[in-house]
Amino acid sequence: MAELLTIDHVGHRGDGVAIEGAQSIYVPYALAGEIVEVAEVPGRHPDRRQLVRVARASPERIAPFCPHFGVCGGCAIQHWDDEGYHAWKRNIVVETLAQAKIAAEVAPLVDAHGVGRRRATLHARMVAHEILKVGFAAMGSHEIIPIDRCPILDPALDGALEAAWAIAEPLTEIGKPLDIQVTATLNGLDIDVRGSGALPTNMITALSRVAEKHRLARLTRHGELVLMRGSPEVAIGKAKVVLPPGAFLQATGKGEETLAALVIERCGRAKHIADLFCGVGPFALRLAERARVAALDSDAGGIAALQKAAKSTPGLKPLKAEARDLFRRPLVSQELRDFDAVVFDPPRQGAQAQATQLAASKVPVVVAVSCNAATFARDAKILIEGGYRIEGVTPVDQFRHSSHVELVARLVR
């Protein structure tokens, strides 16, 4: 049954929030001040509603630019003007820190979308044993929304959707859900297919033909090489890194450049820097242009790629890279004593164990990079209780149109 709600504010996940007595009701695609007609969503949590129509629109509402918006779950917000959207995204960081009772100056939001996202994971499913769907998941659902274009992707990913459909077609008889990770590189598209399991020779041959036809730089299956036409390289500062299959990269090239510039600035004149959770080296390789660097990460493939790039790039200071699980074996205070700055950029779960060791150390400068304001606040509180103070926090928006926000903070003793 339809009902009318007045939206009080937009929550941290991008949903409009209506306050009904003691209960909060969440309505995707609604804005503060709007009166909306909503309906219950069968099988969903009782505090969720589906937007039926906007009875009274906010003056900040704009027309979305993508025909798939509201059906595809890839974007949470395309219907809000820039001023309102930027203020909301910065406020996610402000409110999260305030809730954790952390006093910090939060700078204006830095837009780092650039020309768009250079990597994407597409999903392929066979429906009713006869209909192939390739696209993104619907919001809050495993249903796949087939797409033929995505306007938030980097132009370097042109052809990625066509290639994903072509890859999925010969694998449909397996009947398993597929994840197709596509990354733009200097030499073309790098694609890793997950979920297929072991493949017979005829399917490997079919995939090789697809890779040739779509001129892919490399095609792998669960990290195993199917075909490589050229090295899937990305430029990082002066270096070129050959990516391991399925390697993690910042979502946009502009995002990586922005985060790296903030990290370098906040390291100041440090001469010996530890880069923790370093990945393939987006910070380490740039920092090594001016300082000695020790780079650590649990991804052995990423570390090997970083080592190779560092050795082949002239003009870098000494860069030592080591594969190490920093969740289980964080650098302890004694190991940290020779560094005059430490950078850490963990996954969304944060780096509680490493933060505890940093808090016990005497490192004068810590630069924290995070894609999750809540886990950053938890880790920052550990550092603050250990004697650090936050000099400033800069929110960075490379996941435009989503609820994700990143940040860079400098903490000093």
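Per-structure values
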{"quantity": "Filter result (over 19 Å from Y388 (Cα atoms) and either in contact with an Asp or Glu (Cβ under 7 Å, 6 or more places away or on another chain) or free of Cβ contacts under 8 Å to residues at least 24 places away in the same chain (or both)) within the stretch 329-352", "calculated": "R329"}
{"quantity": "Hits in the stretch 273-284 - residues which are closer than 16 Å to G255 by Cβ and out of contact with any Phe, Trp or Tyr (no Cβ under 9 Å at 6 or more places or on another chain)", "calculated": "G281, P282, F283"}
{"quantity": "Among the candidates A160, A112, residue that is over 30 Å from V41 (Cα atoms) and in contact with a Gly (Cβ under 7 Å, 6 or more places away or on another chain)", "calculated": "A112"}
{"quantity": "Failed criterion for G279 (all others in (1) over 20 Å from the mean Cα position of the chain (by Cα); (2) open to solvent by 10 Å² or more (accessible area, probe 1.4 Å) hold)", "calculated": "(1)"}
{"quantity": "Residue check, R44 open to solvent by 60 Å² or more (accessible area, probe 1.4 Å) and touching a Pro at 6+ places or on another chain (Cβ under 6 Å)", "calculated": "no"}
{"quantity": "Some residue of the stretch 311-332 being within 30 Å of R119 (Cβ to Cβ) and either touching a Pro at 6+ places or on another chain (Cβ under 6 Å) or at pLDDT below 95 (or both)", "calculated": "no"}
{"quantity": "Those residues of the stretch 191-234 which are open to solvent by less than 10 Å² (accessible area, probe 1.4 Å), of a type in the set (G, A, S) and modelled with pLDDT of 90 or more, in sequence order", "calculated": "A211, A217"}
{"quantity": "Considering residues of the stretch 93-110 that are in contact with a strand residue (DSSP E or B) (Cβ under 8 Å, 6 or more places away or on another chain) and part of a helix (DSSP H, G or I) only, the residue nearest to P395 (Cα to Cα)", "calculated": "V93"}
{"quantity": "Search result, residues across the stretch 243-268 that are open to solvent by 10 Å² or more (accessible area, probe 1.4 Å) and either out of contact with any strand residue (DSSP E or B) (no Cβ under 9 Å at 6 or more places or on another chain) or within 20 Å of A112 (Cα to Cα) (or both)", "calculated": "P244, F248, Q250, G253, K254, E257, T258, A261, L262, I264, E265, R266"}
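The values are calculated or read from the model by the stated rules, or taken from the named source; none is laboratory data. Note that the coordinates shown come from a computational prediction; the quantities given were computed from them, not determined experimentally. Glycine gets a Cβ as well: all are built from the backbone with ideal geometry, and neighbour counts include every protein chain shown. We work out accessible area using only protein heavy atoms, side chains counted, and drop any ligands, DNA or RNA first. Shrake-Rupley method; radii C 1.70, N 1.55, O 1.52, S 1.80 Å.
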